[in-house]
Structures are given as structure tokens and as C-alpha cells.
Amino acid sequence: MFRLRVLFFALVPLLASYSAMAGNFAVGTCKPRLTSFSTISDAVSSVPPGSTIEVCPGVYPEQITISQPLTLEGIANDNQDQIVIAVPIVGLTTNLTSIFTEPVAAQVLVQNAGPVNITNIVVDGTGGDQGCGTSSIWLAGIFYASSSSGDVNRVRASGQTDEGCGVGIWAENGDSSNQLVTIEHSSIHDVDGAGIFAGSGSTPTLTAIVKDNFVSMRSGPTGIVANSVNGAITENNVSDALAGIFDAAPGTRVSSNTVTNTTFGVLLLTGGTVQSNDVSNSGYGVFLNADGAVVQSNHITLAASAGIELNCHGGTVSRNTINDAAVGLDQVPLGFRGSNTFANTGSISTDGCAAAAPRTVSPQKWRTPATPLGVRK
């Protein structure tokens, strides 16, 4: 009997840990064999870490905080495959302050957790306007805060409009430990601030992989913003923005993107690499705002002002093809060397940098987390 009791008490913690092991859970009624929750918020706060939460088709008017590793996955059922996280009837509340000091109302907040993977989910910001012009509160669809990591895959973020302060997907890290966030195969549109924003402090501690996304800003300020991060912005389709890709991250490679209908196709705030992109119908295909950039093998078509605006900055600018531009290379610094191909271009190049200072982008045009008001570009 004594030995049996010893064995029993030894099994108790083992059984307890087993009951808390990760598993599959559901939100909604389409998975009757799984333990199910009525709201996503209840599920993400109740399941064991590392679990997968399968969300049935439907509309979920919630503001959600995820603070443990898990997978949140929308699933198809009965010929339906749309899982919508909508703004609650009572509206959104401010649930964090960004490392860039902006208060933010995030519809889905990932905080101090990773990996958190979000798949096949719609985050609709319609009705979530925070009145940023007077309140200074930003609106975000999905927000990965400091000390968080994970993958956003096949997500739609739309309707985040907030008087110029709406962001579809926002990832940042202000901590010293490195984090990785991947944003891929997603659709971001009808947002009035930035479609995708990734940033960290003066020392890059966030690696951001932004790949194969569709970003349409409908004439909003910025499609994709990278600020002091490492990683890659690649194979995205970006359109209808003041700046298609705003790169303030020398450690981030911008390659193989298609950018259309912008004032600035790719704007480099610091030196970086811009390679093999297809930029069309822009004011400036690529605009340099610092020395040291590498701009190679890009195809730039229909540039109203200039294919590549060197802006009197030195860098490696070569093997680019520029077709149908007012000016091929503008404000070329003294001593520039580079082999590029031109066609149907009014002027192949202009210089005059010996007497002219480099132009800067007007700060009031760039009210995004990467370039707060009052910061000189």
C-alpha cells in the first residue's frame, strides 16, 4: 500500500503537467470535437502555451491581447472562409504606448510573447478611428510589441483609418534581445498611415521579413516602412502611396518589389540596398536622402521627375534601366561613376551639386512612426 501511495503522489505532478500541455482548441461551433470558446479573447487567455486555436468563420467584434506563445488560425467551414476581427460596439481603447512614444489602440496586440503565429484572419478597423488629429492616438490592426516574435501569414488588414495615423500591421522591439517577425502573403489596404511598419531603437534588435504582400494605400502616406531594423523587404506589390517603400534601415535589403503609382517609389532615408525592383508611374523611382546607398538592377518606368534622384549623395548606382523619365539621374554629385541604361529620357543626367545642398523631404509629409513630427529627415 505504501509503495502504491508513493507511486500515486509521484504521478500527480506528471498528470497535472500533461493536462496543461499544448493542444488544439476552437472558437465557434464548427469543431464540436474540440474544446471550444465563444470569443477569441477567452481562448487566447485560457489555452496552454503553444496551443493552436482554430477560429470558425464569422465576425468577432473584439479587441484582443495575446501574451503567450500560440497559433491563431482561421479555418474554412461549410464553404465559408472569412474570419473577421471587427471593432467592438463600445469602440477600442488605448492598450499600449509605442517605443516611439505614440499611444496606440491595437485591435490585436501581441505583447511579451513568442512565437505567436496569426494565419487566415481578417482584421477590419472600420469604425475604430481614434481622432488622432486631436488625441494623438494611433490605430493599428495587428501590433507586435517589444519582446514578441512570430509570423503573420495570409492576413488581411484593412480599414485602419485614423486621420493619418492608421497602420495595418505594426511590429517593433525596444528591448536588447533580438526578435524576429515575418509578415508574408498578406493583403493590406484602405489604411491611411502606413500599410506595414517595422521598427526598433537606435540599435536594431528586430529582424523583419516582409515578403510577398499586397499593399495598396489609396493615396495614403506610406506603403511599407522599415526603421532601424535588419531583414528584407522583398517580392511585395505596393501601390497608391506618397512613398511606396520608406527605408530608414541600412541593414534591410529592398529587392524584387513591384511599386506603382507613388510620388517616391523607394525613399532611402539612410544608406541601404535597393536591388531588382520594378518601379513605375512615380514622381521619383528611387530617392536618396543619404550617402552610401547601393541601387542596382532596378527597372524604372514612367518617372515624372527623375528615375533616380541622387540628391547630391554618393553611392553605388549601376545596372539600372530607366525608361520614359523626365530625367534619368538627377542631382548627380561630382565624381559619380556608374553604368546605367536609358531610353525615352528627356535628360540622361543633371548635376550642379557643387553649389547646391541636398534636398530633404518635408517633415510634415512624413507623419509615421519612423519619422515623428519634428524630426528632420
field: At R0 = 30 Å, FRET efficiency that the Cβ-Cβ distance of residue 45 and residue 97 yields, to 0.05
entry: 0.85
Along each principal axis, Cα extent of the stretch 165-296, largest first, Å: 40, 32, 24
- prompt: Over the C-alpha atoms of the stretch 108-154, what are the Rg and the largest Cα-to-Cα span, Dmax, in Å?
  reply: 12.7, 36
- line: At 20 °C and 1.002 mPa s, the Stokes-Einstein diffusion coefficient in µm²/s for the stretch 249-333, with hydrodynamic radius from the Kirkwood sum on alpha carbon pairs, is 179
- prompt: What does the chain give for Rg and for Dmax, in Å, if only its C-alpha atoms count?
  reply: 23.7, 97
query: For the stretch 21-31, what does the Karplus curve 6.51 cos²θ - 1.76 cosθ + 1.60, with θ = phi - 60°, yield as ³J(HN,Hα) per residue in whole Hz, taken in order and with x for Gly and Pro?
result: 6, 4, x, 9, 9, 9, 10, x, 10, 7, 10
statement: Using alpha-carbon positions, the gyration tensor of the stretch 236-276 gives root eigenvalues a ≥ b ≥ c; with a/c under 1.5 called rounded, otherwise prolate if a/b exceeds b/c, else oblate, the class is oblate
statement: SASA check, residue 301, accessible area w/ 1.4 Å probe, all protein chains in place, rounded to nearest 10 Å², comes out at 50
- request: Kindly express, to the nearest 10 degrees and within the range 0 to 90, the angle between helix 2-19's C-alpha long axis and the longest C-alpha principal axis of the chain.
  value: 30
Distance in nm between pseudo-label sites at residue 78 and residue 341 (7 Å out along the Cβ direction from Cα): 5.6
task: Express in Å², to the nearest 10, the accessible area of residue 172 obtained by rolling a 1.4 Å probe over the protein heavy atoms while all chains stay in place.
output: 10
field: Estimated vicinal HN-Hα couplings, Hz - the stretch 109-124 in sequence order (Karplus 6.51, -1.76, 1.60; Gly, Pro = x)
entry: 10, 9, 9, 6, 8, x, x, 10, 10, 10, 9, 6, 10, 9, 10, 9
- request: Give the accessible area for residue 156 in Å² (nearest 10); use a 1.4 Å probe, count only protein heavy atoms, and leave out ligands, DNA and RNA.
  value: 70
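The values are calculated or read from the model by the stated rules, or taken from the named source; none is laboratory data. In this text, all values refer to a predicted model and were calculated from it rather than measured experimentally. Cβ atoms come from the backbone with ideal geometry, glycine included; neighbour counts cover every protein chain shown. With ligands, DNA and RNA removed, areas are computed over all heavy atoms of the protein, side chains included. Shrake-Rupley method; radii C 1.70, N 1.55, O 1.52, S 1.80 Å.
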